[in-house]
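A.B. asks: There's a structure below that I have some questions on.
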Amino acid sequence: MKKPPFRLGPLALLLTVISICLTILAILTFTTARADLRLSEEYAQTTKARCALEAQGQEYLSRLNQGLETAPETDEDGLCRVELEHEGYLLHIALRPGAGGYEIASWKSEKIWEQSDTIDNLWNGSFTKGE
């Protein structure tokens, strides 16, 4: 009895397509995981810096209320304003002097940001000879 021929062409093509798809998915998964890791490390560093700045502000307020720190001058609103800086972040504190110490009128944290003057490869809108 003669055996029917077994053709590997369609099966080999199907396995090749499946293995290529799995390889692409593995590469995408790896790159996404690396991007997530980098983003979470940046977020952790930002959170660490902001928490350290908040702690610095609380420590300043505690020393001020205990009389260990000299009070800043009051402005026309009757508020004492203080700015603290830590790792690229600013903390703006406005304090209202009271009978028992200082009361927080405003507590605002922000990131120090400076705009870059140049943007690479951006057309400035003029033509010069030779371009």
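The values are calculated or read from the model by the stated rules, or taken from the named source; none is laboratory data. Note that the structure is a prediction, hence the values are computed from the model and not measured. Note: ideal-geometry Cβ built from the backbone for every residue, glycine included; neighbour counts use all protein chains shown. These area figures cover heavy atoms from the full protein model, side chains too; ligands, DNA and RNA do not enter into them. Shrake-Rupley method; radii C 1.70, N 1.55, O 1.52, S 1.80 Å.
A.B. asks: Please name which of Ala52, Ala94, Trp107 has its Cα lying farthest along the dipole of the chain towards the positive end, using unit charges on Cβ (Lys, Arg +1; Asp, Glu -1) and the Cα centre as origin.
C.D. replies: About the Cα centre, the residue reaching furthest to the positive side is Ala52.
A.B. asks: Right, here's the next one. List the chymotrypsin sites (Phe, Trp or Tyr not before Pro) within the range 6-65 that fall in a DSSP loop (any state other than H, G, I, E or B) and whose Cβ has at most 13 other Cβ atoms within 10 Å. Kindly include the intermediate steps, with their values, before the conclusion.
C.D. replies: Working: sites: Phe6, Phe30, Tyr43, Tyr60; in loops: Phe6.
Loop-located and lightly packed - Phe6.
A.B. asks: Working out 0.36 nm times the residue gap between Glu41 and Glu69, then minus their Cα-Cα distance, what length gain in nm do you get to one decimal?
C.D. replies: Stretched fully, the Glu41-Glu69 segment lengthens by 6.5 nm.
A.B. asks: With +1 on the Cβ of every Lys and Arg and -1 on the Cβ of every Asp and Glu, and nothing else charged, how large is the dipole of the chain about its Cα centre, in debye rounded to the nearest 20?
C.D. replies: Values: 13 positive and 19 negative charges, 369 e Å.
Here the size comes out at about 1780 debye.
A.B. asks: So if the hydrodynamic radius of the chain is defined as the Kirkwood radius over C-alpha pairs, what does Stokes-Einstein give as its diffusion coefficient at 37 °C and 0.692 mPa s, in µm² per second?
C.D. replies: 151
A.B. asks: Carbon-plus-sulfur fraction of the accessible area of the chain, 1.4 Å probe, in percent?
C.D. replies: Numbers: 6560 of 11200 Å².
So the carbon and sulfur contribution to the accessible surface is 59 percent.
A.B. asks: Among Leu25, Leu53, Leu37, determine the one that fluctuates most according to a GNM of the chain built with springs between C-alpha atoms less than 10 Å apart.
C.D. replies: Leu25
A.B. asks: With a probe of 1.4 Å, find how much accessible area the range 1-81 has per residue, and write the answer as a whole number in Å². Walk me through the numbers on the way to the answer.
C.D. replies: Numbers: 6990 Å² over 81 residues.
Using a 1.4 Å probe on heavy atoms only, each residue of the range 1-81 averages 86 Å².
A.B. asks: From the helices alone, meaning DSSP H stretches of at least four residues, give me the mean residue ellipticity at 222 nm for the chain, per-run term -39500 (n - 2.57), in deg cm²/dmol to the nearest 500. Mind dumping the intermediate values first?
C.D. replies: Values: 1 runs with 58 residues, N = 131.
It comes out at -16500 deg cm²/dmol, rounded to the nearest 500.
A.B. asks: Related question: To the nearest 10 degrees, how steeply does helix 9-66 sit against the main Cα axis of the chain, on a 0 to 90 scale?
C.D. replies: Roughly 10 degrees, rounded to the nearest 10.
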